[in-house]
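J.: Sharing a structure here in structure tokens format.
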Amino acid sequence: MEKTFLMVKPDGVQRDLVGDIVSRFEKKGFKLAGAKLMKITEALAEEHYAEHKGKPFFQELVGFITSGPVFAMVWEGENVIATARQMMGKTNPQDALPGTIRGDFGLTVGKNVIHGSDSPESAEREIGLFFSNSELVEYSKHS
Ligand code: CMP
């Protein structure tokens, strides 16, 4: 079954949005396979955001994501990568529709509340960066 990596960013944790965000994915019907509250090191941030290295906002991005705890998650389900991206809304909260996480809670492109993998390749890479196999739980869920 498809898996994706989602992360409530430091602004979302600070603003007590973790519960609401987890609840949205639970209610949608996805299955939580792993989760942890953690502080990201600079090295992990630079690796996670490697594709943005060299962009003008890279230092701001690394500074922000390491500024406080994040809530890292792995979610599982049919088409979960694309569906989670829809539920998150556009990267810039100004363009995100009401009803999406960023549309409801975000204001700026830097502090946009949540990260989600954008492809099967990034999902696999990001899950591997943040979670060891023993932290992912396999179980069945009855619908
Ligand atoms: P995300 O898609 O999680 O990963 C890359 C992040 O870069 C993106 O969310 C934004 O939060 C951030 N980002 C993109 N463009 C800008 C920008 N112009 N200024 C600051 N941050 C940005």
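The values are calculated or read from the model by the stated rules, or taken from the named source; none is laboratory data. None of these values were measured; they are calculated from a predicted model. Cβ sites come from the backbone with ideal geometry, for glycine too, and all protein chains shown count toward neighbours. Surface accessibility is based on the protein's heavy atoms, side chains included, excluding ligands, DNA and RNA. Shrake-Rupley method; radii C 1.70, N 1.55, O 1.52, S 1.80 Å.
J.: Tally the residues that are in contact (Cβ under 8 Å) with a residue 40 or more places away in the chain and closer than 20 Å to Ser122 by Cβ, restricting the search to the range 39-65.
T.: Residues meeting the conditions: 7.
To keep it simple, each residue is scored yes or no on (1) part of a helix (DSSP H, G or I); (2) open to solvent by 30 Å² or more (accessible area, probe 1.4 Å).
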residue: Phe5; (1), (2): no, no
residue: Gly12; (1), (2): yes, no
residue: Arg24; (1), (2): yes, yes
residue: Glu51; (1), (2): yes, yes
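J.: Continuing with this model, one more query. Keeping to the range 12-43, report how many residues are within 14 Å of the ligand (Cβ to nearest atom) and over 12 Å from the mean Cα position of the chain (by Cα).
T.: Final tally of qualifying residues: 1.
J.: Next question, about the same structure. All but one of (1) within 12 Å of the ligand (Cβ to nearest atom); (2) among the β-branched types (Val, Ile, Thr); (3) surrounded by 14 or more Cβ atoms within 10 Å (Cβ to Cβ) hold for Thr100; which doesn't?
T.: Of everything listed in (1) within 12 Å of the ligand (Cβ to nearest atom); (2) among the β-branched types (Val, Ile, Thr); (3) surrounded by 14 or more Cβ atoms within 10 Å (Cβ to Cβ), Thr100 misses just condition (1).
J.: Kindly list the number of the only condition in (1) of a type in the set (S, T, N, Q); (2) closer than 28 Å to Arg15 by Cβ; (3) open to solvent by less than 70 Å² (accessible area, probe 1.4 Å) that fails for Gln94.
T.: Single failed check for Gln94: (3).
J.: Could you tell me which residue of the range 107-124 is farthest from the ligand (Cβ to nearest atom), considering only residues that are closer than 13 Å to Pro10 by Cα, open to solvent by less than 80 Å² (accessible area, probe 1.4 Å) and touching a residue at least 60 places away in the same chain (Cβ under 8 Å)?
T.: That would be Val113.
J.: Let me ask something else about it. I need the full set of residues from the range 71-97 which are closer than 17 Å to Val109 by Cα and either among the hydrophobic types (A, V, I, L, M, F, W, C) or under 14 Å from the mean Cα position of the chain (by Cα) (or both), in order please.
T.: If the condition is that a residue be closer than 17 Å to Val109 by Cα and either among the hydrophobic types (A, V, I, L, M, F, W, C) or under 14 Å from the mean Cα position of the chain (by Cα) (or both), then Arg85, Gln86, Met87, Met88, Gly89, Lys90, Thr91, Ala96, Leu97 are the ones that fit.
J.: Return only the number of the condition from (1) in a strand (DSSP E or B); (2) free of Cβ contacts under 8 Å to residues at least 24 places away in the same chain; (3) charged (D, E, K, R) that Lys36 does not satisfy.
T.: Here Lys36 clears every test but (2).
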